[in-house]
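To start, the structure itself, in structure tokens.
The values are calculated or read from the model by the stated rules, or taken from the named source; none is laboratory data. From a predicted model like this one, the values you see are computed outputs, not experimental measurements. FYI the Cβ positions are ideal-geometry reconstructions off the backbone, even for glycines, and counts take in every protein chain you see. Please note that ligands, DNA and RNA were not included when accessible areas were found on the heavy atoms of the full protein model with its side chains. Shrake-Rupley method; radii C 1.70, N 1.55, O 1.52, S 1.80 Å.
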Amino acid sequence: MALTNYTDLVSTVESYLARSDLTSVIPTFVMLAQQRMSRDLRTREMLKIATTTAADSTVELPTDFLEMREIHFQGNPPITLEYESPDKFFRDLLTTTSGLPYYYTILAYELQFAPAPDSSKTLQMLYYAEPTFVSTTTASNLYLANYPDALLYATLAEAEPYLMNDGRIQVWATMYDRAIGNIMNSDIGKKFPNTALNVTLR
């Protein structure tokens, strides 16, 4: 059975569970499965670029933000920012000064810079973004288009506790973990070609 849209996914879940009376709860299983994948997956398909203007010491994070990959202020040369944990960030006392920012931290849903920018600067970030979840109103998304097996296994793993079928939880959890591992290994291979490095001496 093809898994190309939300309807296909629901039908496949019903088939695997041998149940046709779960119409009202399957959307919850699918939502929980996608939340699990958002915590577990970081692949290049999930990368996204955002550009904004930083006029003061804070900038709101994108609503779909999961994790930072790279962040810099545009310029010649660009100013790459270094992450500091919140305790070190405030302990260094640079938050009370203004100038050229070199450090950032994340507080709740905001980025904070130190020193604070002394003028408006263009900020660009490369980050892992959470896709809009597949649902009755969203036929497909990044997870379903690229990792349908992982989404199916995660959905089934979320369904079994509701069905009080504890014996099947580990089965689907193992299948899900294996799928996630394969996805992450494949993603590493896409980033770093498996070829020998040739060095030419001149």
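Test each condition in (1) touching a helix residue (DSSP H, G or I) at 6+ places or on another chain (Cβ under 7 Å); (2) over 18 Å from A50 (Cα atoms) for T105 and report the one that comes out false.
(2)
For region 68-80, which positions are loosely packed, with under 14 Cβ neighbours inside 10 Å and either within 23 Å of A108 (Cβ to Cβ) or in contact with a Pro (Cβ under 8 Å, 6 or more places away or on another chain) (or both)? Before you say what the answer is, go through the steps one by one.
First pass over region 68-80, keeping only residues loosely packed, with under 14 Cβ neighbours inside 10 Å: 70, 74-78, 80.
Residue satisfying the conditions is E70 alone.
What tally of residues in region 125-138 results from selecting those that are open to solvent by 60 Å² or more (accessible area, probe 1.4 Å) and either outside any loop (DSSP other than H, G, I, E, B) or touching a helix residue (DSSP H, G or I) at 6+ places or on another chain (Cβ under 8 Å) (or both)? Walk me through how you get there before you give the answer.
Step one: list which residues in region 125-138 are open to solvent by 60 Å² or more (accessible area, probe 1.4 Å), which gives 130, 132, 136-137.
From the residues that got through so far, the ones that are either outside any loop (DSSP other than H, G, I, E, B) or touching a helix residue (DSSP H, G or I) at 6+ places or on another chain (Cβ under 8 Å) (or both) too are 130, 136.
Total meeting the criteria: 2.
Out of all the residues in region 190-199, is one or more open to solvent by 50 Å² or more (accessible area, probe 1.4 Å) and either at pLDDT 95 or above or touching a helix residue (DSSP H, G or I) at 6+ places or on another chain (Cβ under 7 Å) (or both)?
In the first step, residues of region 190-199 are kept if they are open to solvent by 50 Å² or more (accessible area, probe 1.4 Å); the result is 190-199.
From the residues that got through so far, the ones that are either at pLDDT 95 or above or touching a helix residue (DSSP H, G or I) at 6+ places or on another chain (Cβ under 7 Å) (or both) too are 190-191.
The answer is yes, given that some residue of region 190-199 is open to solvent by 50 Å² or more (accessible area, probe 1.4 Å) and either at pLDDT 95 or above or touching a helix residue (DSSP H, G or I) at 6+ places or on another chain (Cβ under 7 Å) (or both).
Does S20 count as over 30 Å from G75 (Cβ atoms), surrounded by fewer than 18 Cβ atoms within 10 Å (Cβ to Cβ), polar (S, T, N, Q) and in contact with a helix residue (DSSP H, G or I) (Cβ under 8 Å, 6 or more places away or on another chain)? So that I can check it myself, show each step before the final result.
Values: over 30 Å from G75 (Cβ atoms): yes; surrounded by fewer than 18 Cβ atoms within 10 Å (Cβ to Cβ): yes; polar (S, T, N, Q): yes; in contact with a helix residue (DSSP H, G or I) (Cβ under 8 Å, 6 or more places away or on another chain): yes.
So S20 fits the description; yes.
If F89 meets every condition in (1) under 20 Å from L32 (Cβ atoms); (2) among the aromatic types (F, W, Y); (3) open to solvent by less than 40 Å² (accessible area, probe 1.4 Å); (4) not in a strand (DSSP E or B) apart from one, which number is that one?
Among (1) under 20 Å from L32 (Cβ atoms); (2) among the aromatic types (F, W, Y); (3) open to solvent by less than 40 Å² (accessible area, probe 1.4 Å); (4) not in a strand (DSSP E or B), the lone unmet condition for F89 is (1).
Restricting region 54-67 to residues that are within 25 Å of T132 (Cα to Cα) and out of contact with any helix residue (DSSP H, G or I) (no Cβ under 7 Å at 6 or more places or on another chain), which is surrounded by the fewest Cβ atoms within 10 Å (Cβ to Cβ)?
Taking region 54-67 and keeping what is within 25 Å of T132 (Cα to Cα), we get 59-67.
Applying the additional criterion that residues be out of contact with any helix residue (DSSP H, G or I) (no Cβ under 7 Å at 6 or more places or on another chain) yields 59-65, 67.
Details: V59: 20, E60: 11, L61: 17, P62: 15, T63: 8, D64: 15, F65: 18, E67: 12.
The qualifying residue surrounded by the fewest Cβ atoms within 10 Å (Cβ to Cβ) is T63.
Among the residues of region 163-184, is there at least one that is among the charged types (D, E, K, R) and at pLDDT 95 or above?
Checked region 163-184: at least one residue is among the charged types (D, E, K, R) and at pLDDT 95 or above.
Looking at T122, T105, T95, can you tell me which residue is touching a Ser or Thr at 6+ places or on another chain (Cβ under 9 Å), part of a strand (DSSP E or B) and open to solvent by 20 Å² or more (accessible area, probe 1.4 Å)? Spell out how you get there, then give the answer.
Working: T105 fails: open to solvent by 20 Å² or more (accessible area, probe 1.4 Å); T95 fails: part of a strand (DSSP E or B).
Exactly one residue qualifies, and that residue is T122.
Are any of the residues in region 140-155 over 20 Å from the mean Cα position of the chain (by Cα) and not charged (D, E, K, R)? I'd like the intermediate steps shown before the answer.
Step one: of region 140-155, the residues over 20 Å from the mean Cα position of the chain (by Cα) are none.
No.
Kindly list the number of the only condition in (1) touching a residue at least 24 places away in the same chain (Cβ under 8 Å); (2) loosely packed, with under 14 Cβ neighbours inside 10 Å; (3) of a type in the set (A, V, I, L, M, F, W, C) that fails for A2.
All conditions are met except number (1).
Only residues in region 17-43 that are closer than 28 Å to Y127 by Cβ and hydroxyl-bearing (S, T, Y) count as the first member; pair them with residues that are assigned to a loop (DSSP other than H, G, I, E, B) and modelled with pLDDT of 95 or more, Cβ under 7 angstrom, at least 6 apart or cross-chain, and list the lot.
These pairs meet every condition: S38/E130.
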